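Everything on this sheet refers to the single structure shown next.
The values are calculated or read from the model by the stated rules, or taken from the named source; none is laboratory data. It should be emphasised that the depicted structure is a prediction, and the values quoted were computed from it without experimental measurement. Here Cβ is always computed from backbone atoms with ideal geometry, including for glycine, and neighbour counts include all displayed protein chains. Note: accessible area is taken over every heavy atom of the protein model, side chains too, but ligands, DNA and RNA are not part of it. Shrake-Rupley method; radii C 1.70, N 1.55, O 1.52, S 1.80 Å.
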Amino acid sequence: MSMNSFGHLFRVTTWGESHGPALGATVDGCPPGVEISPEMIQHWLDKRKPGQNKYTTQRREPDAVKILSGVFEGKTTGTPIQLMIENTDQRSKDYGDIMEKFRPGHADITYWQKYGIRDYRGGGRSSARETAARVAAGGLAREAIKALVPNLEIKGYMTQIGPHGIDRTKFNWDQIDQNPFWTPDADAATTWADYMDGLRKSGNSVGGIIEVVVKGAPAGLGAPVYNKLDTDLAAAMMSINAVKGVEIGEGMNAAVLTGEANADEIFMGNDGQPTYSSNHAGGILGGISTGQDIVVRFAVKPTSSILKTRQTITKAGEPAEIITKGRHDPCVGIRAVPVGEAMAACVILDHLLLHRGQIGENQGHIG
């Protein structure tokens, strides 16, 4: 199976399966001299790890990361960095019933059709467990970004669970880390808790929408035509398990706006830098960052593993019924927040390095 790597200069290859002995990431292209330790990466993995509350899967994994190479005396050496996370709470017996059956909504049937072999234990390589490796790589990327652009910040949060969205007039950045849904709207968190309790008890699931904002990114990241910053961000988010849609800035809603309403007017700020009347573009024009907040949004489908009887077929093509056992997220979008942040970090670092390699300093000066 090929295509397990992403990135241009900062390149990440993830490996491992849901119920294998371990999973991880091999990171190549990280600049040397970046201060890093397992504890720095662990902070981000702890945001993603399962079993933290009743709204996520109850699989108990410490997700303790080990750095096996590429770091000496607490700093990156510029050589490949190997990150490993051991699996400790697999229950492969929970998946014995689906050995011969395909779970509706899962990659079981397409993996079988393509490869003629599949790891049915928790989905194997197609499991959302793979995203732990991405978060580890993202933690490393964040530390490298600090060395290049100290004031750059990446923050993700949920804006919708099922039919229930946030009230943006109640948006509070400080509230994001204060509730189990990573939402900036405290009232929405209360509503979602009641909604999720009922959904969880019924054995069903629901989807969600996550927004990731990059603050402090310099103008000039990205390049036309095939290396647009938004192209890589969209691809990164779309590669996350269960993601079915991605938007940049105004996104799909831009189709209903007029040109007058959608265009962000430009002025000179008091600091001698361009400023904009709005940010419908999501901080990217022509594939190149403007210096405004970069805003990317993605939709996660409902978890396909549910305690509801569904119709399917076997590998022999016979009709069958299936109920997916095991421990699953009633809304996988909740734990997708730190994954989205990690993917944004990897893309932004990659483009910072590409920009530095090709341009160095921005060539076009205003004023």
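Yes or no, residue by residue, for (1) touching a residue at least 12 places away in the same chain (Cβ under 8 Å); (2) touching a strand residue (DSSP E or B) at 6+ places or on another chain (Cβ under 9 Å); (3) under 30 Å from Trp182 (Cα atoms):
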position: Ser277; (1), (2), (3): yes, yes, yes
position: Gly282; (1), (2), (3): yes, yes, yes
position: Val300; (1), (2), (3): yes, yes, yes
position: Thr309; (1), (2), (3): yes, yes, no
position: Ile313; (1), (2), (3): yes, yes, no
position: Asp329; (1), (2), (3): yes, no, yes
position: Ala336; (1), (2), (3): yes, yes, yes
position: His355; (1), (2), (3): yes, yes, no
position: Gly364; (1), (2), (3): no, no, no
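Within the range 1-20, the set of residues being in contact (Cβ under 8 Å) with a residue 12 or more places away in the chain, farther than 16 Å from Ile117 by Cβ, open to solvent by less than 80 Å² (accessible area, probe 1.4 Å) and not β-branched (Val, Ile, Thr) comprises Phe6, Gly7, Phe10, Trp15, Gly16.
For the range 110-129, how many residues meet the condition of being farther than 16 Å from Lys47 by Cβ, in a helix (DSSP H, G or I), open to solvent by 20 Å² or more (accessible area, probe 1.4 Å) and in contact (Cβ under 8 Å) with a residue 24 or more places away in the chain? Matching residues across the range 110-129 total 4. You will find that of Gly162, Gly245, Gly138, the residue that is within 20 Å of the chain's Cα centre (by Cα) and buried (at least 20 other Cβ atoms within 10 Å of the Cβ) is Gly138 and no other. When residues in the range 280-308 are screened for being open to solvent by 20 Å² or more (accessible area, probe 1.4 Å), in a loop (DSSP other than H, G, I, E, B) and under 20 Å from Ile366 (Cα atoms), 5 of them pass.
Suppose we filter Gly220, Gly138, Gly156 for residues that are small (Gly, Ala, Ser) and assigned to a loop (DSSP other than H, G, I, E, B); which single one remains?
Values: Gly138 fails: assigned to a loop (DSSP other than H, G, I, E, B); Gly156 fails: assigned to a loop (DSSP other than H, G, I, E, B).
Among Gly220, Gly138, Gly156, only Gly220 is small (Gly, Ala, Ser) and assigned to a loop (DSSP other than H, G, I, E, B).
Note on the range 229-241: residues that are in contact with a Ser or Thr (Cβ under 7 Å, 6 or more places away or on another chain) and open to solvent by 30 Å² or more (accessible area, probe 1.4 Å) amount to 1.
Number of residues in the range 36-93 that are crowded, with 18+ Cβ neighbours inside 10 Å, at pLDDT below 90 and of a type in the set (Val, Ile, Thr): the value is 2.
On inspection, Glu265 passes the criterion of being among the acidic types (Asp, Glu) and open to solvent by 10 Å² or more (accessible area, probe 1.4 Å).
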